[in-house]
Amino acid sequence: MRVGIGAVAVVVGCLGAMLIRYGVRDWRAAGGGTLSQRLATGLMDAESRAGYERGSLILGLAFAFMAAMLAVAAVAGPRLGKGTSLGVVWVSVGAASGAAMLVCILLFGLIKNFNHPKFLVPPRHRGELGAYAGRRRRRLGQLPML
């Protein structure tokens, strides 16, 4: 069981690292493949792809915190019921990782759907509409879908 949770933690951590890499590239306005190009499979509309590109750094941090929480569960899970003082440390690390993950998920939802808070949005995307406003404008016929 611990090995399986550890393997899932590694996979989630690698996914988080990939998203963080895309986010840092976007903040630096560096060239290369963007996340929205990778997501162009036809499953999402243009507004959703743009939202994932804007919030990829925050989403990557959420995955990193999830990986940390899973790693705590894999390493300290069987020992937590024994009542050791080290167990309190593991529980608090896991709880802090879980709380940080939830905050990152909330921030990602705000960035994707509303393009706020502006200080967390990459500078070149700050003038864009959020996913909700973009869809509304497209439905009214004012903006073509890309």
Answer residue from region 110-137, given it is outside any helix (DSSP H, G or I) and not charged (D, E, K, R) and is farthest from D45 (Cα to Cα) among those:
P117
Of R79, R136, the only residue that is surrounded by 13 or more Cβ atoms within 10 Å (Cβ to Cβ) and either of a type in the set (S, T, Y) or farther than 26 Å from R25 by Cβ (or both) is R136
What is the residue count in region 95-116 for residues that are without any contact (Cβ under 8 Å) to a residue 60 or more places away in the chain, of a type outside the set (A, V, I, L, M, F, W, C) and over 21 Å from G16 (Cβ atoms)?
1
If we keep just the residues of region 5-18 that are open to solvent by 40 Å² or more (accessible area, probe 1.4 Å) and more than 15 Å from the chain's Cα centre (by Cα), which is nearest to A76 (Cα to Cα)?
I5
Between R21, R28, R38, which is modelled with pLDDT of 90 or more, open to solvent by 50 Å² or more (accessible area, probe 1.4 Å) and charged (D, E, K, R)?
R21
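The values are calculated or read from the model by the stated rules, or taken from the named source; none is laboratory data. Here the structure is a predicted model, which is why all the values come from computation and not from measurement. As a convention, Cβ positions derive from the backbone with ideal geometry for all residues, glycine included, and neighbour counts pool all protein chains shown. Surface areas here come from the heavy atoms of the whole protein model, side chains and all, with no ligands, DNA or RNA. Shrake-Rupley method; radii C 1.70, N 1.55, O 1.52, S 1.80 Å.
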